[in-house]
Amino acid sequence: MDIRQQLLEAFAIEYREHVDVIRAALAAGAEARAPDWNDIFRRAHSLKGASRAVDLPAVEAVAHRLETLFERIVEGSAALDRAAHAAVDLALDRIEACVADLQRGLTPSPPQDALAALDRCLAGPGETDRAGPAPPPARAEPAAETPPPSAPEPAGESGPTVLRVPADAVEALTRAAHELGTALIGEGSVAEGLARIRSGALELGQRAERFRSAADGAGRQPAAVDAKALDAALAEMRVLEAGLLGLARDATSLSRQRSVVASAVEAAASRVRDETERLALVPAEAAFGGFARVLRDMARDAGADVDVSATGLDLPVDRAMLQALKDPVLHALRNALSHGAEPAAVRARLGKPPAMAIGLDVAVRGGRLMVTVVDDGRGPDLGAIAETARRRGLLAGASDPETLLAVVFEPGFSTSTGVDTLSGRGIGLSVVADTVRRLDGTVRLQPRDPWGTALVMSLPLQAARRSLLLVEAGSATYALPSRSIERLLRIERGSVSSVMGRSVLTLAAEAAPQADEAGLTVPVAHLADLVGGAPQSRQAAEPGAMNAVLLRDGQRRCVLEADRLLDVRTLLVMPAPPVTGDRRLVVGTVIVDGSRPVLVLDPDEVVGRAAESRAAAAPALSQRGTIASARRSTILVVDDSITTRTLEKGILEAAGYRVVVCVDGQDALDRLRAAIEPVDLVVADVEMPRLDGFGLLEALRAEPAFARLPIVLMTSRGDPDDVARGLALGADAYLTKQGFDQGRLLDTIGQLL
């Protein structure tokens, strides 16, 4: 690498810091918070010097004018009015575009429009000498052709995918790998010790064989045994005894050494795993960081005046999800601009700021990733939406606002009367909806108060480590994201009252999150009730008191009772398998204690259900047949997936059933024939090794002892032919995992039993 390339790489890091600080100052000024203009002036001065050092005259010229403008603001002879704010925004955008071109090996375009805008702000007596002559203004190239500087470049068909990661993350992974290598060296010494023990054991075996042969010979000729031979035999026995003791000592020492080595390897492997997972997560800025500049360029081309803000871009998110969301988020921002922009006179008449505000927010709330695009524009035109929907045959009669706002995500739907560079083809929001649904998420469009629109994308978190509270309810364990938990509580049951059929608690001063929230009344619910568990589990709590957490989602709260509060751990959250039941309630799975899967619950859904739950909910459940009767029925769960059968076992045990498990059809058939315990019902997968579900069903129906045993097939194979085959073979029910709902499973079992 030549010296200029090294300087450019250093400049790319330095310029980013200066530009980010200047942008933060502009945002502070827009929010009536006084920025440190002296620091901003120094930033522009440093940027000018750094660009001169790497021979970037275009950036140097822009930085020089920025320095002059900021110097005048420091002196008090100028203010950052709307025109100056727009000129600085444009200048920073052009600097970013210039550096992005250099990083891609392109020749940067002269930032003539930025220089002209700054010169217009600096125009006045004596300013020509300080700011330099203004170049002729030129129209900027469409921003859509300039990709965000921090967004990953699309890989060619033959080129590798390049991922930019923080240097400290690479260094940490390297250290962890070296630690693992060092720990594995200990395995070599353990292997050497095992080889020594093996050699010693072989030698002792040979001695024992010789001793046995000598003893056999002496037994055949007892008269020949003399004192000398006896002494030799005793000496050989002492050698054998000493050798055995030595082997025992070596084995004990080796066992201790192996434990130390295993612990070191496990710790080092854990660090490697943690650092590898860290590399899989990248800041949201990697995908969305350049969108503010792109949107400002689009607005300039359209003649609109906008303020663009972005928050939460430092949040680490799964790289694959960010890549999938790049286009939808850009479409959402473009849609906000095209459908929300209003003439300046209209905004002034409504009391809005001159510039339209568009914001992008990335956050984790509860167990979900929330990407929100908001604006203070004209808001949804429900009349135009309804007219377009009826014209296209999407609506038959009158519809409520929620239905109308869902129609806009239909392919090809657009209320624009013409086609321009921003809108009119009706593909933007359709792209958003298709991508979000493909990621198992939801998207909604809603009006804001007092004006504007919000587009909210809610997505399940992909593999990432999160802090979770493990709780036990109904003999099953669940995980709740720690960031949604405000307090752990120990509450006297007598303090819970009933209002309109709902259990509520008035927070005492010591339980309230804030001093001014003492006396706040919040709903109370038992976690086992919300997930379909057995109300008998409440007997596990001490009489007169209950374990609970104060759970919050946005402005809503609830007190969630659990049988036990177990532990707080940082665990890897993975997508939930399809057998986890209500997909709205479950947002992921974690593995605890090495092999036990635990469901991660969505606090948003939990709080919502707690607010709707009634004190008499538990008896209603038992009447529907979802809770086991007084005599505990035994259910045999047959599935070759440990995760699936463990989750099914947890669901059924939470409902009060006794559950035994088998790993495949042959294992189940052998267990049933052995009559180890009476089984009242079988829940079996179809695709299994040795004997599949169809084979198990056919074998059981052929034996009189099991001809009437209720059997439920539950599988991912939902083809009509498979369903027909299962029912023809004698299955009492056939459930598919794709559309699985644990309430439906429990209802089915309740009806069969």
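The values are calculated or read from the model by the stated rules, or taken from the named source; none is laboratory data. A quick note: this is a predicted structure, and the numbers were derived from the prediction, not measured. Using ideal geometry, Cβ is built from the backbone for each residue, glycine included, and neighbour counts are taken over all protein chains shown. The area values use the complete protein model at the heavy-atom level, side chains included, leaving out ligands, DNA and RNA. Shrake-Rupley method; radii C 1.70, N 1.55, O 1.52, S 1.80 Å.
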Qualifying positions in segment 567-585 - closer than 19 Å to Glu472 by Cα, open to solvent by 70 Å² or more (accessible area, probe 1.4 Å) and modelled with pLDDT under 70: none
Between a first residue in segment 96-121 that is at negative phi and of a type in the set (D, E, K, R) and a second residue that is assigned to a helix (DSSP H, G or I) and open to solvent by less than 40 Å² (accessible area, probe 1.4 Å), which pairs have beta carbons less than 7 Å apart while being 6 or more apart in sequence or on different chains? Glu96/Val19; Glu96/Arg293; Asp113/Leu90; Asp119/Arg65; Asp119/Ala131
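Do we find that Ala724 is among the hydrophobic types (A, V, I, L, M, F, W, C), part of a helix (DSSP H, G or I), farther than 20 Å from Leu599 by Cα and open to solvent by 50 Å² or more (accessible area, probe 1.4 Å) in this structure?
yes
For Ile40, state whether it is open to solvent by less than 20 Å² (accessible area, probe 1.4 Å), in contact (Cβ under 8 Å) with a residue 40 or more places away in the chain and part of a helix (DSSP H, G or I).
Details: open to solvent by less than 20 Å² (accessible area, probe 1.4 Å): yes; in contact (Cβ under 8 Å) with a residue 40 or more places away in the chain: no; part of a helix (DSSP H, G or I): yes.
No; evaluated as a whole, the condition is false for this residue.
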Which listed residue is modelled with pLDDT of 65 or more, open to solvent by 20 Å² or more (accessible area, probe 1.4 Å), within 23 Å of Ala655 (Cβ to Cβ) and in contact with a strand residue (DSSP E or B) (Cβ under 7 Å, 6 or more places away or on another chain), from Arg538, Arg564, Arg557: Arg564
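Among the listed residues Asp89, Asp168, Asp93, identify the single one that is part of a helix (DSSP H, G or I) and either at pLDDT below 50 or in contact with a Leu (Cβ under 9 Å, 6 or more places away or on another chain) (or both). Steps first, please.
Working: Asp168 fails: either at pLDDT below 50 or in contact with a Leu (Cβ under 9 Å, 6 or more places away or on another chain) (or both); Asp93 fails: either at pLDDT below 50 or in contact with a Leu (Cβ under 9 Å, 6 or more places away or on another chain) (or both).
Result: Asp89 is the single residue among Asp89, Asp168, Asp93 that is part of a helix (DSSP H, G or I) and either at pLDDT below 50 or in contact with a Leu (Cβ under 9 Å, 6 or more places away or on another chain) (or both).
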Out of (1) at pLDDT below 85; (2) part of a strand (DSSP E or B); (3) closer than 30 Å to Ala357 by Cα, what's the single condition that is false for Arg437? (2)
Could you run through segment 292-340 and say how many residues are in a helix (DSSP H, G or I) and farther than 17 Å from Met370 by Cα? 18
Any idea which of (1) surrounded by 19 or more Cβ atoms within 10 Å (Cβ to Cβ); (2) modelled with pLDDT of 80 or more is the one Thr442 doesn't satisfy? (1)
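If you check Arg690, Arg671, which single one turns out to be basic (Lys, Arg) and under 16 Å from Thr634 (Cα atoms)?
On the way: Arg690 fails: under 16 Å from Thr634 (Cα atoms).
When all the criteria are applied, what remains is Arg671.
Do we have Pro689 as part of a loop (DSSP other than H, G, I, E, B) and more than 24 Å from Gly750 (Cα to Cα) here?
On the way: part of a loop (DSSP other than H, G, I, E, B): yes; more than 24 Å from Gly750 (Cα to Cα): yes.
When the stated conditions are applied, Pro689 passes them.
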Working only within segment 660-710, note down all residues that are within 19 Å of Ala731 (Cβ to Cβ), open to solvent by 60 Å² or more (accessible area, probe 1.4 Å) and within 35 Å of the chain's Cα centre (by Cα). Glu687
Scan of segment 466-504 for residues that are among the aliphatic types (A, V, I, L, M) and at positive phi, ordered by number: Met500
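Applying the selection to segment 55-68, what residues are touching a Lys or Arg at 6+ places or on another chain (Cβ under 7 Å) and free of Cβ contacts under 8 Å to residues at least 60 places away in the same chain?
The initial filter retains those residues of segment 55-68 that are touching a Lys or Arg at 6+ places or on another chain (Cβ under 7 Å), namely 60, 62-64, 67-68.
Correct list: Glu60, Val62, Ala63, Glu67.
Let me confirm something: among Ala78, Ala10, which residue is at negative phi and at pLDDT 75 or above? If you could, list the steps in order and put the result at the bottom.
Values: Ala10 fails: at pLDDT 75 or above.
When all the criteria are applied, what remains is Ala78.
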Taking segment 260-291 and keeping residues over 21 Å from Leu322 (Cβ atoms), modelled with pLDDT of 70 or more and not hydroxyl-bearing (Ser, Thr, Tyr) leaves Val260, Val261, Ala262, Ala264, Val265, Glu266, Ala267, Ala268, Ala269, Arg271, Val272
Considering only residues that are in contact (Cβ under 8 Å) with a residue 12 or more places away in the chain, open to solvent by 10 Å² or more (accessible area, probe 1.4 Å) and touching an Asp or Glu at 6+ places or on another chain (Cβ under 9 Å), which ones fall in segment 43-54? Arg43, His45, Ser46, Lys48, Ala50
Just the residues that are modelled with pLDDT of 90 or more, surrounded by 20 or more Cβ atoms within 10 Å (Cβ to Cβ) and closer than 30 Å to Asp602 by Cα, please, taken from segment 337-373. Ile358, Leu360, Val362, Val371, Val373
Among (1) within 21 Å of Asp747 (Cα to Cα); (2) part of a loop (DSSP other than H, G, I, E, B); (3) modelled with pLDDT of 85 or more, the one test that Pro678 misses: (1)
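Results for (1) more than 30 Å from Ala675 (Cβ to Cβ); (2) at pLDDT 80 or above; (3) not in a helix (DSSP H, G or I), shown as yes or no for each residue.
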| residue | (1), (2), (3) |
| --- | --- |
| Thr589 | yes, yes, yes |
| Val600 | yes, yes, yes |
| Arg609 | yes, yes, no |
| Ala620 | yes, no, no |
| Ile627 | no, no, yes |
| Thr643 | no, no, no |
| Leu652 | no, yes, no |
